[in-house]
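Okay, so here's the structure we're looking at.
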C-alpha cells in the first residue's frame, strides 16, 4: 500500500504556509492517496522540520527510509512477533505501509529515530548561497561636482 503525500495545495493560515513550503505541491494528486500511518509535521524553526509518524508495534528493523532528491519514502513491514496471551482486539494497525513525501528543492533529511511507537524524521532546508536572494546596491546619478572630484582623484598618465 503506497501513499504519496503532497503538502498542501491550499493556504492554511499565516505562518503555517512557510512550514509547509518544504513539501512540493506539484506531487501526486488525490487519486494516488491511500491509507497509511497518521503523521504530524512540526516546525522547529525557519529551516528545521520534523515528520512524526505513528508506528506502534514496529521495530527499527521493520522500517526502511529512503531519500532521493525531492522524495522521501518510508516503508514498514511488521515482523511476525507473537505477543504473550491471546489478542482479543487489535487496535494498532500493524499492517505493511509505504508513504511517500514529495519534498521541495533544497530539503535534506538529517536523521530518523524510533521511540515509544513514534518515528521521527528530521528535515532541514539548506538553500545554497548561489540560490539565496541578495541585495543589489543602487547607484545614483553622478552629479557634476562628484564627477569633478573623481577626475581630480584619478592620477594622470
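Bear in mind that the values in this text are calculations on the coordinates, not laboratory data. Keep in mind that what you see is a predicted model, and the values were worked out from it rather than measured. Quick reminder, even Gly has a Cβ in these numbers, built from the backbone with ideal geometry, and neighbours come from all protein chains shown.
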_Rg over Rh, two decimals, the stretch 83-126 (C-alpha only, Kirkwood Rh)_ = 1.17
*Pair residue 88, residue 61: separation of 7 Å Cα→Cβ label points (nm)*: 3.2 nm
